[in-house]
Amino acid sequence: MDLYGAMNQILENKKQEKKDAESQAVINYQQLLLKLSESTGRGDEKKAEEYARTAISIIKDYNFPHMEALIYYLLYSMYVSVNGNNRKIEETLDKAIELSKEAVEKNIAGSRMTCCQYLVTKANTFFFNKKFNNALQLYSEALDISKKDCAAELQISIYQMIGTCKRIAGDFDSWEAFVNGWKIVEKLGEKEIKNQVILRYYAKEMLKTGSSKERAEYEKRFALFWGEDWQEQIVNHEKENRKKTSVFSTGNISVN
């Protein structure tokens, strides 16, 4: 099934219904976004850049920075996967962040979540390159933006990265970051906490820092949610994930 073709036809039908210039521009943008996504998926830089330029030119007059930001982020993702051109990688991500911040200032719906994701993406690159001060600056900026109109899970994950970053950098405030994040975790409610495996990983990272007294207090809390063997459960979960992954590797497929 031609999924892109089907989606494009849906948009083409909508275009017949919406006659005002702005609606037409948005639909044209969405159609180009489909083509851009398809091109980036194939790693076709020339086509992707062509669609990106055209899409940007269509929406430029309507001052939709969040839409333009998405285009730059898609290009960034493509350059990371197929190009390796550090200049293009950095420029497109920075442009996506710049435009997403503009969207936040305009209070465009959903822009805070997207802006945080872009900031965290760049912060992660600094983190993996051991540029912890740069990473912390961006994580902190993302955290500030996330405190309004963003999912609690996003804030929790940012606190985890701040805590982990500070721990590795030798910053003694790492415990405080984890504690602040855990305060948000506990607002989710007991059922939600018990069901989210990812929160056990948060707890595991948290226990790598803090004093023995501080850790002991929280170990009791964690055990109330997941049982005394919760850390063993994480190990078993990781083993299961590795098994699932290995099933799809060619080395584990036999032909009779």
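The values are calculated or read from the model by the stated rules, or taken from the named source; none is laboratory data. Just so it is clear, the model here is predicted, and its values are computed rather than measured. Positions of Cβ are backbone-derived with ideal geometry, glycine not excepted, and every protein chain shown enters the neighbour counts.
The residues of region 228-247 that are of a type in the set (A, V, I, L, M) and modelled with pLDDT of 85 or more, listed by number, are I234, V235.
Residues being within 23 Å of M113 (Cα to Cα) and assigned to a helix (DSSP H, G or I) are represented in region 201-222 by at least one member. Filtering region 123-137 to residues that are surrounded by 22 or more Cβ atoms within 10 Å (Cβ to Cβ) and within 21 Å of I71 (Cα to Cα) leaves only A123.
Within region 63-105, restricting attention to residues that are outside any helix (DSSP H, G or I) and surrounded by fewer than 17 Cβ atoms within 10 Å (Cβ to Cβ), which residue is modelled with the lowest pLDDT? The selected residue is G84. Any residue at all in region 18-28 that's acidic (D, E) and either at pLDDT 85 or above or in contact with a His (Cβ under 8 Å, 6 or more places away or on another chain) (or both)? Yes, some residue in region 18-28 is acidic (D, E) and either at pLDDT 85 or above or in contact with a His (Cβ under 8 Å, 6 or more places away or on another chain) (or both).
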